[in-house]
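The numbers here are math on the coordinates, done by the rules we state, and not lab data. Given the structure is predicted, the values throughout are model-derived calculations rather than measurements. Don't worry about glycine lacking a Cβ; one is built from the backbone with ideal geometry, like all the others, and counts go over all protein chains shown.
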C-alpha cells in the first residue's frame, strides 16, 4: 500500500477530526462529537504557531490513515532542538500496512533536514505492540526520567503559586 505523509494544513480539519474520533474510541474515552472535533482541529490548524505543534497526516488510498502529533522544543542536548512525539495513531482499517512506519520515517526525515537532534516519546509500559514497533527502529528505552503530569487541581495549585 502506498502511503503519503505530509504536514497538516488549514485544509485538513475534517481529516484530523476523523482520526481524533477514532482515537477516542481506541483509547477507551468517551466518543467525540465529529463536529466538535472538526472545530477544534480547525482552530488548532488556523490559530496556533507551527513552532508550537505540528500534525503529520498519513493518507493511503485517498483516505486519512493516521497521524502523528509532535512539538518541537528548544534547546535540546548540545543546543539541538528535539521533537516530542505526543501521539502516533493509525486507524484500525490501515494497521499493519506500513502507515506507522511511514509516519515515523517522515518525522525522522524532517528532524535530519532541520537539524533536530532526536525524537523523544512515551508509551505505556503495558503497550507491547508499541514497544515492539519502536524497537524495530532501534529506539532506546530510557529509565532516566519519570513521566509526570499537572492537570485539573494541580494546574490550579500551580497557577496560584
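Sorted ascending by nearby beta carbons within 10 Å, beginning with the fewest, 55, 137 become 137, 55.
In this label model, residue 92 and residue 39 are separated by 2.7 nm, measuring between points 7 Å along each Cα→Cβ vector. Please build a GNM for the chain, connecting alpha carbons under 10 Å apart, and tell me which residue among 131, 103, 150 fluctuates the most. Most flexible of the set in this elastic network: 150.
What FRET efficiency, computed as 1/(1 + (r/R0)^6) with R0 = 25 Å and r the Cβ-Cβ distance, is obtained for residue 128 and residue 149, rounded to the nearest 0.05? Between residue 128 and residue 149 the formula returns 0.65. Among 63, 128, 80, determine the one that fluctuates most according to a GNM of the chain built with springs between C-alpha atoms less than 10 Å apart. Its mean-square fluctuation being the largest, the pick is 128.
Take the chain, connect every pair of alpha-carbon atoms lying under 10 Å apart with a spring to form a Gaussian network, then pick out the residue of 41, 102, 24 with the largest mean-square fluctuation. Among 41, 102, 24, the largest mean-square fluctuation in the Gaussian network model of the chain belongs to 24. Per-residue ellipticity at 222 nm from helix content only, as computed over the chain with -39500 (n - 2.57) for each DSSP H run of at least four residues, stands at -12000 deg cm²/dmol.
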